[in-house]
1. Quick one: compute the contact order of the chain, relative version, from alpha carbon pairs under 8 angstrom and 6+ residues apart, as a percent.
2. Just the Cα atoms of the chain, one point each, no solvent: what log10 I(q)/I(0) does Debye give at q = 0.17 Å⁻¹?
3. Using r as the Cβ-Cβ distance of residue 108 and residue 25, and R0 as 22 Å, what FRET efficiency do you calculate, to the nearest 0.05?
4. Take residue 44 and residue 32, extend 7 Å from each Cα along the Cα→Cβ direction, and tell me the distance between the two endpoints in nm.
């Protein structure tokens, strides 16, 4: 939240990974790119899910670091259409309890909107 108590959003770098990439490799890429959300795409580039630190914690706790990210990613994430306003993004994030929203046009991710304070 900002000092006024209003939540702000920003567009983050889109880190894309493939369904078959290992949890360990995705975590390493997220660390190197200093991002909290990896967009998981199919071989055709279509959004398949998102992978966040929460997914990583669950995977590591289960000893699943070498398994494909598709087994632990968040499937069917809520998305935004291009041109959606900040207010809509904030509303969706608050209602859903998450901090990242992929912006999707024709099945392909064009940006990721993140909550920031």
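Throughout, read-outs are computed from the coordinates displayed, never taken from laboratory work. None of these values were measured; they are calculated from a predicted model. So basically every Cβ, Gly included, is an ideal-geometry build from the backbone, and we count neighbours across all protein chains shown.
1. Across the chain, relative contact order equals 32 percent.
2. Debye output, listed in q order: -0.81.
3. The computed FRET efficiency comes out at 0.50.
4. 2.9 nm
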